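Worksheet: the structure to be examined is printed underneath.
The values are calculated or read from the model by the stated rules, or taken from the named source; none is laboratory data. Keep in mind that this is a model prediction, so the values were computed, not measured. Because the Cβ atoms are built from the backbone with ideal geometry, glycine has one as well, and the counts that use them run over all protein chains shown. These area figures cover heavy atoms from the full protein model, side chains too; ligands, DNA and RNA do not enter into them. Shrake-Rupley method; radii C 1.70, N 1.55, O 1.52, S 1.80 Å.
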Amino acid sequence: MADLLSDEQLTEIQDAFRLFDKKGENQISGNDLITVFQALKCNVSQAEMTEYMEVLDPSGGGMVQYTDFLQLVAKRLQTQETVDDLMKAFRVFDKEHKGTVSPDELRHILTHFGECMEAAEVEEYLVEADLKAPHLKPDGSKTGLLNYVAFIAVILD
């Protein structure tokens with residue numbers, strides 16, 4: 001995953017990590033992790049930090065290794081690029097800029113753009129989107145449209 005990073009991104013990540021690697025041992029305290037993310041201009045919630053620490057420090061020793069951190073950041077950056085690409089694709093169909101698409105538009109996007117999906121797989125996504133990402137009226141009833149921002153979160157989860 002880290003091989004997908006540009007030289008500039010790699011240097012930026014290394015520099016941010018090294019600011020907190022006081023002994024030059026390619027590791028930092030887990031307490032410094034959120035600050036390193038902030039130095040990289042990555043907004044990270046406390047829930048994400050807890051999840052990251054479980055992955056980066058499964059033994060609970062309180063230290064994060066550079067190679068593990070690099071893999072995590074690379075994955076996070078790749079996911080952000082995927083989100084950006086998906087948002088651009090959905091916005092093409094969102095003529096009114098409301099963050100919604102119809103099920104037919106979603107079906108078209110999933111079967112004609114990027115890695116095209118089979119009809120059965122698309123139908124599964126449509127069912128999941130209707131359950132987890134419906135666009136709602138103020139009274140809470142469904143409009144028949146899908147909230148594509150919520151849908152992107154569902155498919156990338």
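A few comments on the model shown:
- Of all residues in region 125-157 being over 28 Å from Glu81 (Cβ atoms) and touching a residue at least 24 places away in the same chain (Cβ under 8 Å), the one that is surrounded by the fewest Cβ atoms within 10 Å (Cβ to Cβ): Gly144
- Of all residues in region 103-124, those satisfying the criterion of being open to solvent by 30 Å² or more (accessible area, probe 1.4 Å) and within 13 Å of Asn147 (Cα to Cα) are Pro103, Glu105.
- Comparison of Leu4, Leu33 shows that the only residue that is within 17 Å of Gln71 (Cβ to Cβ), open to solvent by 50 Å² or more (accessible area, probe 1.4 Å) and out of contact with any Pro (no Cβ under 9 Å at 6 or more places or on another chain) is Leu4.
- Positions within region 90-102 being in a helix (DSSP H, G or I) and buried (at least 17 other Cβ atoms within 10 Å of the Cβ), in sequence order: Phe90
- Qualifying residue in region 48-60 (condition: within 30 Å of Val127 (Cα to Cα), surrounded by 16 or more Cβ atoms within 10 Å (Cβ to Cβ) and at pLDDT below 90): no
- Matching residues in region 79-101 - criterion: being out of contact with any Leu (no Cβ under 6 Å at 6 or more places or on another chain) and of a type in the set (S, T, N, Q): Thr79, Gln80, Thr82
- Within region 105-120, the presence of a residue that is within 30 Å of Ile28 (Cα to Cα) and outside any helix (DSSP H, G or I) is excluded.
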